[in-house]
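One structure is given below, encoded as structure tokens.
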Amino acid sequence: MDKPSLPAAPLRPARTPSPELQARLDAHWHKTRRLTAILLLIWLLTGFLTVFYARELLHLNLFGWPLPFYMAAQGASLVYLAIIALYAWRMRRLDRDFHAAEQT
């Protein structure tokens, strides 16, 4: 038994944003990508380089512990939480600023 076909929705032409809105969109996405790239670089440095260079970093101490041990045990997790918190805080501000400018 064939299913009845639904009426097709009328096609609407795509709205093109105004040049001013497009410029704000581009600026917003540029800031978003830059923030993401910086935080990913921090994540890479924290997670990969401290482990990769652990032997060379053994002479550095943090709170009485060798830096590679501290980063593996506590530091990396704390840095990851800080990255998440910073990303959420900064993106909330960026989105709020973008939408406030959109309303005016």
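The numbers here are math on the coordinates, done by the rules we state, and not lab data. As the structure is a computational prediction, the values presented were derived from the model and not from experiment. Glycine gets a Cβ as well: all are built from the backbone with ideal geometry, and neighbour counts include every protein chain shown.
From the convex hull of the Cα coordinates of the stretch 22-103, what is the mean projected area in square nanometres?
6.1 nm²
Give, rounded to the nearest 20 debye, the magnitude of the charge dipole that the stretch 22-103 has about its Cα centre when Lys and Arg contribute +1 at Cβ and Asp and Glu contribute -1 at Cβ.
140 debye
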